[in-house]
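Chemist: Starting off with a structure, shown below.
Throughout, read-outs are computed from the coordinates displayed, never taken from laboratory work. Only a predicted model underlies this, so the values are computations on that prediction, with no experimental measurement involved. Note: ideal-geometry Cβ built from the backbone for every residue, glycine included; neighbour counts use all protein chains shown.
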Amino acid sequence: MSLAHFIFGRLTPDDLPFWQMLQHPTGANIVNGIIATTAGAIVVLGAAVTVGLITRYGKWRLLWSQWLTSVDHKRIGIMYIVLSFVMLTRAVIEAVLMRTQQAFGLDGGFLSPNHFAQLFSTHGTIMIFFMAMPFLTGVINYAMPLQIGARDVSFPVMNSISLGLTAAGAALVMVSLDIGQFSTGGWSGYPPYTEAAFNPGVGPDYWIWALTLSSLGSMMTGINFAVTIYKRRTCGMGFFRMPLFTWTALCTSILMIFAMPPLTVATLLLALDRYLGFHFFTNGLGGNMMNFANLFWLFGHPEVYILILPAFGVYSEVFSTFSGKVLYGYRSLVWATMAIAVLSFTVWVHHFFTMGQSADINAVFGVATMLIGIPTGVKVYDWLFTMYRGRVRLTVPMIYAIAFMMLFVIGGLSGIVLANPSVDYQVHNTLFLVAHFHNMLIPGLLFGMLAAYHFWFPKAFGFRLDERWGMIAAACWIIGFVLAFFPLYAVGLLGFPRRTVAYFNPAYVPYMRVALVGAVFIAAALGSLFVQLWISVRNRQAYGAPAGDPWDGRSLEWATPSPPPEYNFPVLPEVTARDAFTRAKDSGAAYQIPAQFADITIPKNSALGPVLGAAGALIGFGLVWYLWWLTVAATAAAVAAIIVRGFARDTEKVIPASDVEREHMRWLDLVASTRAVSRLRELDAANTGLAAHAIPETAQ
Amino acid sequence: MTEKVIYHPGLRLGAAHPDAHEGAEELLFGFWVFLMSDAIVFGLLFATYASMLHSTAGGPGPKQLFDIRSIFVETLALLLSSFTYGMASLSLKYGRRSGPLVAWLCVTLALGLVFLGLEVHDFLSIFHQGAGPTHSGFLSAFFGLVPLHGLHVFTGCVWMIALMAQMAVYGVDRRVKLGLLRLGLFWHFLDIVWVAIFSVVYLGGLT
Amino acid sequence: MLSHANAPSEWEDVYEEDSVPPEFTRRVHRLLFASCAALLVGGCTSSGPDLSFLDPQGPVAAMQRTHLFGIVAIVLIVVLPVIVLAPYYAWRYRYRNRSAPYRPQWGFSRPLEFVIWGVPFAIVIGLAVWLTQSTVALDPYRQISADKPVRVEVIGYDWKWLFIYPDSGIASIGLLAFPVDRPLSLHLTSDTVMQSFFIPALGSQIYAMGGMVTHLNLAGSAPGRFLGENTQYNGTGFAQQKFIARAMTPAEYHAWLKHVRVTGIPMTPEVYDVIRKRTTKAAARNALGADRFPDGEIYFTDVPSNLFPRVVRSFHGGVATSAGLLRGTPSGHRSSADAGASNAAAGG
């Protein structure tokens, strides 16, 4: 092996996005080269601008000490959500590109098939692993410990490591825009297409290591959240007094613990095939590609419930808070959530009914799939009856929730259609399937996360988001989703396969054009969210809600200042019922001065998270490009960091009781001088976070 | 809050070790949950192995490759190491000096290394028979499952050395105790997985 | 105890306007539903090959369409109330509507629970019975009728399908011709990666995988031309892996067989190498000089009878292999008839 080979592995100039275009300037190469180079340039520019701004304003020390090394669940939660918004932006742009290509894809279009294949692969991979998972992990991270009256999660340093690993996976996917290319095998990466025999390049390797990093992070997150909910609930908070969002967080984390291992196994076995010539999934020598399908979907199906359950939890909070009413059917919702979690492990074969197994096997899994529809339907009706005889306020989260309800059930309908193997044989791998899962993910997951963002933003930052631009964004998301995906149901029924760059029948064109209009609305929706953020920051004085309860909230997170102190509660609360904060406000027991303040011990910052994240990214990059020296060095660094951390003894800091008392009294003084508002003035500047809890009209 | 008895997986240090006992519950529960996810990983590899048992692609199968005597000695070494780790745990809980604790840990480590050495020797001899993992699906499945267990044992040995180093610096303090409790769970878990491997892969393959 | 009861609170009877009326959102929804329905109907009427089981051209597709409509109709029982009630409740119980009753502590009603759990459960039980019957009846491996089927062996390449008629010694790319008076019995495999063979107007799709044999039984009800495709992504030529399935009258079919036997390109090893190359059908046509054939089609004659089994065995080291491994599972439990066919393929 020559020295150059050792240092550069299989990196060549050909791996730069503009090289092909310069070497062979055909029309197609130029178009694709410009798009690819622009994308790569945006990444480089974005990174440069970010680094430049931080340097210009001298914020490196603050960034390191207050954020990157923080083990505070609130900070980690915010960082997860920032990551997810960045990746959402990229994935939406990719979606618009794909819609544009398909709108003009009769007999060809402008994108090369290889480019299109990378687009659908990165779009799916990013949306699931680097947008949805971080978004929901961030939301649970932020809200759940507050809801259960805890100071932090059970393993704060591990929380930071999870974030680092997830960011490392995202970094690999971003780097693939500049160096090399991404996989063309879709987000599911089926072999033997992704085996070395058919795809020897770096694409599938980027996919493998990005997913492995992300799944390790999520596995740790699942353990962290589950143990937190089991062991750190405050005094009096039995399981059936937990908010529904915490219930869904618990079931989600149990799913993470048991569903991520199959993914890790699937990707690592594929890596063994690709790197060391094993024969797990190859065509010959005894490999069996069907094992990959089973392993991947053993992960994949619980994964989609990981994605949706937190959103269901958010909707529970939103419906009850903005109807001013207890959640209808709390116990039903709990049992339904647990049923969904358990059943989600029994249906994975429905992702490959057409793989040739017997009708009996297909029928069993088809029935199991329909069974999951029952608890889901129950939940929708429970939310419906939460509004019934409530006092409904149409704030932005409520708009998302109602739109979710109406659109999600259509996705549920298409899900029952897909659950029937005999019909699935017609619509599997068509755009009908694509429409179905986007129908579940966009109105389901994404609207839920956006509602959570709007709902808990004032808690995290002390001021509300602009309501008008929130409505504009919501309207654009709703219209955009309907226009972009309902036509796909139709073309799927007309035989249009998924992952298709071009088509040859003009009958499909009108649907594709309508879908493109929808994509434009979605891009506008994303833009509106950024405008909303900008305007809200600018108007943060007017939207300020430092007293902590802008929405007349029902659970414990609202019983803190906005933003809450690092240790969350000066004294851990004692809970006697569900909807603990509403109960306290009703009985006049809210905003108490505790009898006694004590010193609070919380973990110190730790660099282990960012270090392991960086090491993970370098290990991944080294494996992709055969830079074995880099992989070995980064692995050694990671192991060393873990061992060194084992020697750390000074890992906690004490906040003296006097500081705690001072901060708490400052907040209570603020509350005392705050004007309480009724819900009529909820969206006014007058709402600074204190609810006039008595409703003047007669309540039964 | 009333005094509650703290239960957690693994050895309970009890009131004699007040510093470690309090923090143990959450930590050990969390570690046990991690072990359950690891069990899923091994379970899936067992399932893969079972489905590829006959995918020998005309090459050698279990009967041709497994050396039962070596496996037997390895099994003895590993099971014995679990016993010696149990002795180490007992001296952690009841002992007043750290001498016996360190001694038992050293014996455990030695037995673990014996296990690993024999296992590596087994693999090398299988390679020399021209039956590396690149030769068939069955061999891939075998070399996916068994070396993964070996890698876990290796990690356990490294962890043991790191804990002993911490002991040298800090003595048997709170974090060392909690580390030993978790390592105990890990070590015994790997024992259980080995029993499954021994039964399913080796004994199953040879009958 | 700190209380904010004495803090001044505003309570005014002023009705402020919402910034975006919820009516707007709902009206938009309705408009879009309607336009989508219209587009769907419009899209069904086009010239060119039949695209969809919504206009079924065979008994399998017809049953699948009926099943689809039935499922949609039944599930709408649970879906429509939500779509109707959600905006209705949001409007009727809106904050400013003081005439509507307000029961902030109402969170449970046993009769309602029975309905909420019971109705979906009953629907799922009913659908489950239908599902089981239909899955067994429409099992791709199940023979359609007692008539002697036309046997075709299908091999998926990158990026074309090769259709071998083993009883006639011919093959074609781009056209799957068959008579309407007999069912079609397909055995499928892949020479490359996992692919999915699909003729929507006729019936089900099925995966084709290397080293394994899958079966698909179809039938046409009337002469016609139907779109055929691959739906499992397999590379840059994926979008071009399309073909036409044509149901012919028996006379036309026999004429076609004769025509192919006479005019087809002899399947020599060199010709076969061109087929195996990783190119599209159009490129293969160019390479073979196939202009004399209809657009998009290539015909072959003198096709070796063991071509299909050879391709399957190529992934098993060239050795005949057990039916179980052929199906990819350790214990293939197919009916004896199918097992017999698999063994014939393996041994032949």
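Chemist: For a Förster distance of 35 Å, can you work out the FRET efficiency between the beta-carbons of C:R110 and A:F239, rounded to the nearest 0.05? Numbers along the way, then the final one.
Modeler: Working: r = 22 Å, r/R0 = 0.63.
Rounded to the nearest 0.05, the efficiency is 0.95.
Chemist: If r is the Cβ-Cβ distance from A:H5 to C:N306 and R0 is 45 Å, what FRET efficiency results, to the nearest 0.05?
Modeler: On the way: r = 45 Å, r/R0 = 1.00.
With a Förster radius of 45 Å, E is 0.50.
Chemist: Please give, to one decimal in nm, the separation of the simple spin-label points placed at A:D360 and C:V136, each 7 Å out from Cα toward the Cβ.
Modeler: Spacing of the two 7 Å Cα→Cβ label points: 1.0 nm.
Chemist: Then there's this: Working out 0.36 nm times the residue gap between A:A686 and A:D586, then minus their Cα-Cα distance, what length gain in nm do you get to one decimal? Spell out each step's value before the answer.
Modeler: Values: separation 100, 0.36 × 100 = 36.00 nm, distance 2.19 nm.
Fully extending the segment from A:A686 to A:D586 adds 33.8 nm.
Chemist: Could you check what % of the DSSP bridge pairs in the protein assembly as shown are antiparallel, to the nearest 5? Kindly include the intermediate steps, with their values, before the conclusion.
Modeler: Numbers: 34 of 54 bridges.
Once the DSSP bridges in the protein assembly as shown are tallied, antiparallel ones form about 65 percent.
Chemist: If I stretch the segment between C:Q143 and C:H254 completely, what's the gain in nm (0.36 nm per residue apart, minus their alpha carbon distance), one decimal?
Modeler: Fully extending the segment from C:Q143 to C:H254 adds 37.7 nm.
Chemist: Name the residue from A:P261, A:G236, A:A271 whose Cα lies farthest towards the positive end of the charge dipole of the stretch A:201-354, charges +1 on Cβ of Lys and Arg and -1 on Cβ of Asp and Glu.
Modeler: Working it through, the farthest residue towards the positive pole turns out to be A:G236.
Chemist: Shifting gears a bit: Arrange the peptides A:624-630, A:403-409, B:67-73 so that the one whose residues have, on average, the most other Cβ atoms within 10 Å appears first. Let's see the in-between values first.
Modeler: Details: A:624-630: 18.3, A:403-409: 25.0, B:67-73: 13.6.
Output ranking for A:624-630, A:403-409, B:67-73: A:403-409, A:624-630, B:67-73.
Chemist: Next question, about the same structure. Does a label point 7 Å from the Cα of B:M36, set along Cα-to-beta-carbon, have any residues of the stretch A:223-253 with amide nitrogen under 17 Å, and which are they?
Modeler: Inside the label zone: A:223-233, A:239, A:247-253.
Chemist: Ok, one more. Dipole of the protein assembly as shown (Lys/Arg Cβ +1, Asp/Glu Cβ -1, origin at the Cα centre): which of B:A15, C:L68, C:P309 lies farthest to the positive side?
Modeler: B:A15
Chemist: Treating only the Cβ of Lys, Arg, Asp and Glu as charged (+1, +1, -1, -1), what charge dipole size does the protein assembly as shown show about its Cα centre? Round to the nearest 20 debye.
Modeler: 940
Chemist: Taking the simple approach of a point 7 Å from Cα along Cα-to-Cβ for both A:R666 and A:F345, what is their distance in nm?
Modeler: 4.8
Chemist: Calculate for chain A the 222 nm mean residue ellipticity that helices alone would give, adding -39,500 (n - 2.57) per DSSP H run of length 4 or more and normalising by residue count, nearest 500 deg cm²/dmol. Present the calculation step by step, with values, prior to reporting the outcome.
Modeler: Numbers: 22 runs with 432 residues, N = 700.
Mean residue ellipticity at 222 nm (helix-derived): -21000 deg cm²/dmol.
Chemist: If we count other beta carbons within 10 Å of each Cβ, what is the order of A:F461, A:F245, fewest first? Can you show the working numbers first?
Modeler: On the way: A:F461 18, A:F245 25.
Taking fewest neighbouring Cβ atoms as first place, the list is A:F461, A:F245.
Chemist: Still on this structure: How do A:191-203, A:536-548 rank on mean C-beta neighbours within 10 Å, highest first? Intermediate results must be reported in sequence, preceding the final value.
Modeler: Details: A:191-203: 21.5, A:536-548: 17.8.
Most protected by this proxy first, the peptides run A:191-203, A:536-548.
Chemist: Using Cβ counts within 10 Å as a stand-in for footprinting exposure, how do B:F143, B:F66, C:F69, A:F319 rank, fewest first?
Modeler: Numbers: B:F143 21, B:F66 17, C:F69 12, A:F319 27.
Listing B:F143, B:F66, C:F69, A:F319 from fewest to most nearby Cβ atoms yields C:F69, B:F66, B:F143, A:F319.
Chemist: Residues of the stretch C:228-257 with amide nitrogen under 20 Å from the 7 Å Cα-to-Cβ point of C:D295?
Modeler: C:228-230, C:239-247
Chemist: Residue separation times 0.36 nm, minus the C-alpha to C-alpha distance between A:V43 and A:A607: what's the value? Intermediate values should be presented prior to the final figure.
Modeler: Values: separation 564, 0.36 × 564 = 203.04 nm, distance 2.56 nm.
Once the chain is fully extended between A:V43 and A:A607, it gains 200.5 nm.
Chemist: Do the alpha carbons of any pairs in A:K325/A:K585; A:K379/A:K459; A:K325/A:K379 sit beyond 24 Å of each other, and which pairs?
Modeler: The pairs that break the limit, which is 24 Å between Cα atoms, are A:K379/A:K459.
Chemist: With a 10 Å cut-off between alpha carbons and a GNM built on chain B, which of B:F34, B:F138, B:F123 moves the most?
Modeler: Between B:F34, B:F138, B:F123, it is B:F34 that shows the largest mean-square fluctuation.
Chemist: Quick one: order A:R61, A:R274 by neighbouring beta-carbon count within 10 Å, fewest to most.
Modeler: Working: A:R61 8, A:R274 21.
Lowest to highest Cβ neighbour count: A:R61, A:R274.
Chemist: Sticking with this structure for a sec: How far apart, in nm, are the 7 Å Cα→Cβ label points at C:I77 and B:I192?
Modeler: 4.6
Chemist: Sticking with this structure for a sec: Is there a simple number for the mean count of other chain Cβ atoms within 10 Å of the Cβ of residues in A:471-478, and what is it? Before the final figure, lay out each step's value.
Modeler: On the way: counts 7, 2, 0, 2, 4, 0, 0, 4.
Rounded to a whole number, the mean comes out at 2.
Chemist: If you don't mind, another one. Kindly state, to the nearest 0.05, the FRET efficiency for A:S658 paired with C:R103, given R0 = 35 Å and r defined as their beta-carbon distance.
Modeler: Working: r = 46 Å, r/R0 = 1.32.
The formula returns an efficiency of 0.15 here.
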